[in-house]
1. Aspartates and glutamates near residue 59 by alpha-carbon distance under 20 Å, same-chain residues fewer than 8 away left out - which ones?
2. Leaving out ligands and nucleic acids, and using a 1.4 Å probe, what accessible area per residue does the range 30-145 come to in Å²?
3. Which GluC sites (Glu not before Pro) in the range 62-133 sit in a loop by DSSP (not H, G, I, E or B) and have at most 12 other Cβ atoms within 10 Å of their own Cβ?
4. Give the aspartates and glutamates whose C-alpha is closer than 15 Å to that of residue 87, dropping any in the same chain fewer than 8 places away, or say none.
5. How would the range 63-129 be classified by its alpha-carbon gyration tensor: rounded, prolate or oblate, with rounded meaning a/c under 1.5 and the a/b versus b/c comparison settling the rest?
6. I'd like the Karplus ³J(HN,Hα) series for the range 104-111: coefficients 6.51, -1.76, 1.60, θ = phi - 60°, whole numbers in Hz, and an x wherever there's a Gly or Pro.
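The values are calculated or read from the model by the stated rules, or taken from the named source; none is laboratory data. Model, not experiment: these values are computed from the prediction. Reconstructed Cβ throughout: ideal geometry from the backbone, glycine too, with neighbour counts over all protein chains shown. Calculation scope for accessible area: heavy atoms of the full protein, side chains included, ligands and nucleic acids excluded. Shrake-Rupley method; radii C 1.70, N 1.55, O 1.52, S 1.80 Å.
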Amino acid sequence: MKPLLTFLLVLLSTHVLLAQSRITPAPMPADRVTVTVHPGIELFTVVQLLASQYPMPNKSAYAKETEAYFVPFVNHPAVQYARQLKKVYPDLTELGYCLDNFPKVRMHYPEHSVWYTLNGKDSVQTYMRLCQQFFEDSHFWAFYQ
């Protein structure tokens, strides 16, 4: 019985080893990696960043450059509105997914949202419209490109 079990074990092991040898290894990463961020998410992040409503563990080079780029819009109505919202957290930027068809932005209001509960439906939808206006006024698409 032992020889039969040994034979079966060797046979199965050989099959697995042969199958593994046919697997093509993943290509090595290129020297540069391209990361694409949803433009709506980035838009809402920039507005919150300008409103000092996006707590960061440290001031990254990107955050500093973004603030410098958008300094003319630091008092835009969207930024001012973000400053006065009752409950603002970093994941408020998820509302950016409600924007599509870039660069000719369309807005889709969520039917239900925890943000409606935290800040009121009218307030959140006003904020979303103001962020869409920020997109136009600040020429955000040129920045994003």
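1. Straight-distance partners of residue 59: 42, 67, 91.
2. 59 Å²
3. 111
4. 122
5. oblate
6. 8, 4, 10, 10, 10, 7, x, 5
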